[in-house]
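Read the structure below first, then the notes.
The values are calculated or read from the model by the stated rules, or taken from the named source; none is laboratory data. Quick caveat, the model's predicted, so the values are computed rather than measured. Glycine gets a Cβ as well: all are built from the backbone with ideal geometry, and neighbour counts include every protein chain shown. Keep in mind that these areas ignore ligands, DNA and RNA; they rest on the heavy atoms of the full protein, side chains included. Shrake-Rupley method; radii C 1.70, N 1.55, O 1.52, S 1.80 Å.
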Amino acid sequence: MNQRRSRKTKREQQPGYTPPRTFPRPKELPPPNVFFVALIAIVGALGVMSVYGVGYILYDIWTIAAKENLVRTLPDVRGVAPGEMAILDGRISASEPARYKEFVAYIRERQRGGGVRSISWIEVIDQAKPLIEVEAGSRTYKLANETYTFDRLLPDWTDAMRIDEGPTATRSAITIQGIVTQSPVMAIGRLVSAAGGGLGFHADSIVALSRAEYADRLERQRLFNWSFAGVLALLGPLLIHLCWQGVRRIMGW
């Protein structure tokens, strides 16, 4: 025993001797804090949602850009022949009667469902898409179809929107939005020949804005979406990194 100690002592006394590394005994990790674990889970979920949101917003930007290009490049209806795609940009004729209160064309909706155990959806209560007359310059065009859609790519596709019926204890409020008498209107469609040798307009979609105003709102929304996507693109990886660091701390890695 003394001989072994003597050899060890001699080895330690030799020049250039480096003692071996010693490692402390591992300690048991304290149980993770429930609130910290919940915070890490929330941060991770927000990070994943941010990354997903970037993709969704980029698709929305592409859709808005395509519509903006269409609105800016299509010819005016007054300069095309029947059958060609064009834009009808004008104002609702003063002789056009209102179908519901002050609205010439409208859609009434309310939100249904929602809560912890159900998914919410929008219920269409009723709507009206009549063959309205539109004054464009010195000419009046009457819509030739009732199958057009309200172009709701933007939430502010019309300035005529309000609550039509307030909420009750058993149902949510009913909102109404649409086109009122003498309001500006822009439709995308085709010029068609009407009965009696006149001209009508087959509309694919319609908004209660002028062409210039609609194009400007599309551009503003597109630029806002780019800014929002940039914020999410920075926030998503950061939140995921923080979540990963939290997981490592909990697991003791």
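Quick notes on this one:
- Each Cα pair under 8 Å and six or more residues apart adds its sequence gap; the mean of these over the residue count of the stretch 125-253 is a relative contact order of 22 percent.
- Per-residue Karplus couplings for the stretch 183-192, computed as 6.51 cos²θ - 1.76 cosθ + 1.60 with θ equal to phi - 60°, are listed in order as 7, x, 8, 9, 10, 10, x, 9, 6, 10 Hz, Gly and Pro entered as x.
- Solvent exposure of the stretch 34-251 amounts to 56 Å² per residue of accessible area, where only protein heavy atoms count and the probe is 1.4 Å.
- Size of charge dipole - the stretch 34-251 - debye, nearest 20, with Cβ of Lys, Arg +1 and Asp, Glu -1, no other charges: 680 debye
- Between amide H atoms placed 1.01 Å from N, distances below 5 Å from residue 189 occur with 86, 88, 204, all of them 5 or more places distant or on a separate chain.
- Amide hydrogen neighbours beyond the local backbone of residue 144, cut-off 5 Å, H modeled: 201, 202, 203
- Extension gain for residue 163-residue 247 works out to 25.5 nm (0.36 nm per residue, less the C-alpha to C-alpha distance).
- Nonpolar atom fraction for the stretch 34-251, defined as the carbon and sulfur part of the 1.4 Å probe accessible area, stands at 61 percent.
- Cross-link partners for residue 142 among the aspartates and glutamates, with Cα-Cα distance under 15 Å and sequence neighbours closer than 8 places in the same chain left out: 89, 96, 133, 204.
- Rounded if a/c under 1.5, otherwise prolate or oblate - the stretch 132-236, Cα gyration tensor axes: oblate
- Table column - 3J(HN,Hα) (Hz), the stretch 34-42, Karplus curve with 6.51, -1.76, 1.60, x for Gly and Pro: 4, 5, 5, 4, 5, 5, 5, 5, 5
- Scalar couplings 3J(HN,Hα) for the stretch 124-133, obtained by applying the Karplus form with A = 6.51, B = -1.76, C = 1.60 to θ = phi - 60°, are 7, 6, 6, 7, 9, 10, x, 7, 7, 9 Hz; x denotes Gly and Pro.
- Given charges at beta-carbon only (K, R positive; D, E negative), |dipole| of the stretch 138-236 in Debye: 160 debye
- Largest accessible area first, the residues 224, 35, 103 order themselves as 35, 224, 103 under a 1.4 Å probe with ligands, DNA and RNA left out.
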